[in-house]
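The values are calculated or read from the model by the stated rules, or taken from the named source; none is laboratory data. As the structure is a computational prediction, the values presented were derived from the model and not from experiment. Because the Cβ atoms are built from the backbone with ideal geometry, glycine has one as well, and the counts that use them run over all protein chains shown.
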Amino acid sequence: MTQKLSLVFSGITACCLLLLVVFLLVGALVYVPRINAAIEGFAETAIDLKAMQDAMDDFAAAAEELKKIDFENINQLVQESRDSVTAAGEKIEQIDIATLNDAIQNLNDTIEPLARFFNVFR
């Protein structure tokens, strides 16, 4: 009887071990690709972190360059430019458009007969 009982328990143990091996194989087949994908994702994240660090280094270098800029000279340059544009605008406003149009019309009246004369020789 003890041998039969031992045989039954051995069979149960063998079945449990067989189920455990099948469960581990199925788990490995399902989860190994997911684990590989996760590891590749971490590798890509590491690459992105390197790119981010490079960008931060570039940003720090740009910030250092901005600290070196003399903004008072820039303000003076802007003021001088604004004054020049204002002066140019005032000069444009002083132009007498009516007189300019009359001068253009007179020039056109003078050139038109000459143009007709020279068109004869074409």
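Observations
Per-residue answers, yes or no, for (1) within 50 Å of the chain's Cα centre (by Cα); (2) surrounded by 10 or more Cβ atoms within 10 Å (Cβ to Cβ):
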position	(1), (2)
Thr2	no, no
Leu5	no, no
Leu19	no, yes
Leu25	yes, yes
Leu29	yes, no
Ala38	yes, yes
Gly41	yes, yes
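- Of all residues in region 34-66, exactly one satisfies the criterion of being modelled with pLDDT of 80 or more and of a type in the set (Lys, Arg), namely Arg34.
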